[in-house]
1. Does any residue of the range 275-282 turn out to be surrounded by fewer than 22 Cβ atoms within 10 Å (Cβ to Cβ) and either closer than 22 Å to GLU374 by Cβ or outside the structural domain of PRO166 (by TED's automatic domain parsing) (or both)?
2. Conditions: (1) buried (at least 20 other Cβ atoms within 10 Å of the Cβ); (2) at pLDDT 95 or above. LEU337 meets all but one. Number of the miss?
3. For a quick check of your reading of the model, give me the residue pairs whose first member lies in the range 344-365 and is more than 13 Å from SER257 (Cα to Cα), whose second is of a type in the set (Lys, Arg), with beta-carbon atoms closer than 7 Å and at least 6 apart or on different chains.
4. Considering the range 59-73 alone, what residues qualify as being surrounded by fewer than 17 Cβ atoms within 10 Å (Cβ to Cβ) and assigned to a loop (DSSP other than H, G, I, E, B)?
5. Pairs please, first residue from the range 212-228 and free of Cβ contacts under 8 Å to residues at least 24 places away in the same chain, second anywhere and crowded, with 24+ Cβ neighbours inside 10 Å and part of a helix (DSSP H, G or I), Cβ atoms under 7 Å, 6+ apart in sequence or on different chains.
6. Any residue in the range 5-24 that is outside the structural domain of SER212 (by TED's automatic domain parsing), of a type in the set (Val, Ile, Thr) and out of contact with any strand residue (DSSP E or B) (no Cβ under 7 Å at 6 or more places or on another chain)?
7. Only one of (1) under 30 Å from TYR123 (Cα atoms); (2) assigned to a helix (DSSP H, G or I); (3) of a type in the set (A, V, I, L, M, F, W, C) is not met by LEU324, so which one is it?
8. Name the single residue, out of those in the range 136-153 being in a loop (DSSP other than H, G, I, E, B) and in contact with a strand residue (DSSP E or B) (Cβ under 6 Å, 6 or more places away or on another chain), that is surrounded by the most Cβ atoms within 10 Å (Cβ to Cβ).
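The values are calculated or read from the model by the stated rules, or taken from the named source; none is laboratory data. Because the structure is predicted, anything quoted here is derived from the model rather than measured. All Cβ positions, even for glycine, are placed from backbone atoms using ideal geometry, and neighbour counts span all protein chains on display.
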Amino acid sequence: MQSFDFNSRTRVAFGIGVFERLGELAGELGFRRTLLVADHGMVACGYAGEASKLLQQAGIEVFTFHDFSENPDTTMVELGRICAVSLEIDSIIGLGGGSSMDCAKGINFVLTNGGTMRDYWGYGKAPKPMLPMIGIPTTAGTGSEAQCYTLISDAETHVKMACGDPKATFKIAILDPRLTITQPESLTATAGYDAISHAVESYVTKNRNPISAMYSREAWRLLEANYERVLAEPRELTARGAMLLGAYYAGVAIENSMLGATHACANPLTKNYGTTHGVAIALMLPHVVRWNAAVVADHYHELNQVSSQTRNGKEPGEGLADRLEQLRLAGGLPFGLSHLKIRHSDLPMLAEEAAKQWTGSFNPREWNAEGALEVYRLAL
């Protein structure tokens, strides 16, 4: 039997209206002076103000930080540290999409342990205790609320650094489907497809184990069946809740089994062309599935078995890739790299970079520049 060490460190509060418990839950953790890290969209739609009010009603003093973008970088994290250092905060709350939660974690790293984010690139490099945090996702996407990793771009090189430490895990994740209604349709599409990719990739990695696979499979079942529904009926809270929970489950799976070649291929597209992460993922995932099917067809068959649509008469990898392309079409996401004006001559450079991505080391099929070039050619 396979040996494994599974750990889920985050308490989850899920349900319509559970956001109203923010003050209560923060109080249970002993929050008294907290930094609310929320993107500008959270300010515009009123969620940041609502969060501040709930916390203040619970007797918690609130300070806010909003100066970061959808891809937080080392400069933005440092601005957050400067904002927080004189406030004597005892806690941090990340409210918004993955960028808010990643930025909150990044600020926590450098505020409590010093240095810069480059010092924490990798895993387990924060020797000192970190402040307790609450994560409140308003998109069904990254699953950052379930993970101890933060993705921060180097402001100079634009390389995305995965910085992880068990102390950077959110103590509580508040999952309220109501908060996801205000996101634009384009964000529902890209974030949702990213979550789908997390379920598919984490299910077949070299590090998968029986418990992580259970989370991946349930994440896929929820996300695959509800992605088209939330796009067609954006105010349908049952579907929104399924997507939010599916994204969280996929995040738990990533924490324990990591990702694969799709993310290894997507990161160079973002770095070199500014391609939105979810778009890059949608371009690559079906092709990676077809390429990986040579070694994990049985696992893909299992995902097909729990899909809302049967793929009779097709090989498992082809059937799953076809369904992923249907979902990509429903999200209005680009079909090929040529749509981004990426030339055939660019592919060797992209392949060299993709081969060096950390996530590629967990891919079930051996990952190198030759394989990456093959996948990019399929996606062109």
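1. Taking the range 275-282 and keeping what is surrounded by fewer than 22 Cβ atoms within 10 Å (Cβ to Cβ), we get 275-276.
Pick out the ones that are also either closer than 22 Å to GLU374 by Cβ or outside the structural domain of PRO166 (by TED's automatic domain parsing) (or both) and you get 275-276.
Within the range 275-282, one or more residues are surrounded by fewer than 22 Cβ atoms within 10 Å (Cβ to Cβ) and either closer than 22 Å to GLU374 by Cβ or outside the structural domain of PRO166 (by TED's automatic domain parsing) (or both).
2. The failed condition is (2).
3. LEU347/ARG377
4. Correct list: GLY59, ASP67, SER69, GLU70.
5. Pairs that qualify, where the first residue is free of Cβ contacts under 8 Å to residues at least 24 places away in the same chain and the partner is crowded, with 24+ Cβ neighbours inside 10 Å and part of a helix (DSSP H, G or I), are ASN226/MET243.
6. Yes, because at least one residue in the range 5-24 is outside the structural domain of SER212 (by TED's automatic domain parsing), of a type in the set (Val, Ile, Thr) and out of contact with any strand residue (DSSP E or B) (no Cβ under 7 Å at 6 or more places or on another chain).
7. (1)
8. Kept after step one, since they are in a loop (DSSP other than H, G, I, E, B), are these residues of the range 136-153: 138-143, 147-148.
Subset that is in contact with a strand residue (DSSP E or B) (Cβ under 6 Å, 6 or more places away or on another chain): 138, 148.
Working: THR138: 27, CYS148: 20.
So the residue we want is THR138.
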